[in-house]
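The values are calculated or read from the model by the stated rules, or taken from the named source; none is laboratory data. Model, not experiment: these values are computed from the prediction. Every residue, glycine as well, gets a Cβ built from its backbone with ideal geometry; the counts of neighbours run over all protein chains shown. These area figures cover heavy atoms from the full protein model, side chains too; ligands, DNA and RNA do not enter into them. Shrake-Rupley method; radii C 1.70, N 1.55, O 1.52, S 1.80 Å.
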Amino acid sequence: MTLQSIYEQDKERIISSLSGKSREEAVRIMEAELDRILYAFNDGEESERVRETANALIQTAKAGAGMVDTDGVTRIYGRKEYSGTNAAGVAAEGKISVLFWILLVAGLVCAAPVALLIRGYLSAEAVDTKRIVLAFMPAGSMVLLFLAGLFLRKKSVPDGEQLRAEVLVDPMKVYHHMLAVILVIDKQIEEIRSLGEMRERKLIREQGATADTAELTLLSQLLEDAYTRRGSDDQADEEISSIRFYLHQKGIDTIDWDETEETGHHWFDMIPAYEAGTLRPALVQDGKLLKKGLASEGRRV
């Protein structure tokens, strides 16, 4: 079982849970997913060393989850608090304010005498006071009317609105980035597992080195005797199995002859016999022949 196989089993669920999430939410989701994967992996792993390695690498992946490139859709929105009336002087319910009406009436009042003053100025001798009023009253009227219209105007975008930008993650991008991390972790775990197997084989070889020539000769003879009695003695197979197991603990393999395989034929002395088969297995350690076996190709002389 690998971390990749566990992770890929829940692909649809992971992508669904990441949809519409921010970066912070996605980090929490992936951290929880890594914990779940580690628990499932350790539950089926026998090697304590491999479990410790997986735990250390998963914790490292969790620490770096926040640095994964996950940006997808960017969502922008505004926020503003409103009171009873807005800055334009228009009531929130849509009614025109009193200030507008006051300015409007004042502007009209200022504009009304203009016609009379102009008439008097043209029909009689105009005094200095009339000249001054005639000069400034139209300007004042226009200013007041402009202010009235300005306060009536309603702005399309309220002043002081605060814009917010929220970046949502791309679920597929998050999934594939984390898959790449898990593949690297799987590779490291496999290397640790292979290293452990190499150490175990080395230990077995060291233990097997204690087997001297006399012992190998004795065990080889016992195997030959047991092979000869196979088929007629029920104890023969049990003896063969016990000797094989003893030799295996010392890192020594018992190899039977196979007429279909050319490799390893030099490990046997061939003799004529009625039937083809192994008469005595060869004893081999790490590809090195320790004791030749005895076999027949079934040719009767």
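What to note about this one:
- Going through (1) farther than 21 Å from LYS173 by Cα; (2) exposed (fewer than 14 other Cβ atoms within 10 Å of the Cβ) one by one, GLU45 falls short only on (2).
- Given (1) within 21 Å of LEU218 (Cα to Cα); (2) at pLDDT below 85, index of the condition GLU262 fails: (1)
- Residue list for segment 277-299, filter: assigned to a loop (DSSP other than H, G, I, E, B) and open to solvent by less than 20 Å² (accessible area, probe 1.4 Å): PRO281
- Flag for GLN235 being open to solvent by less than 100 Å² (accessible area, probe 1.4 Å), modelled with pLDDT under 85 and part of a helix (DSSP H, G or I): no
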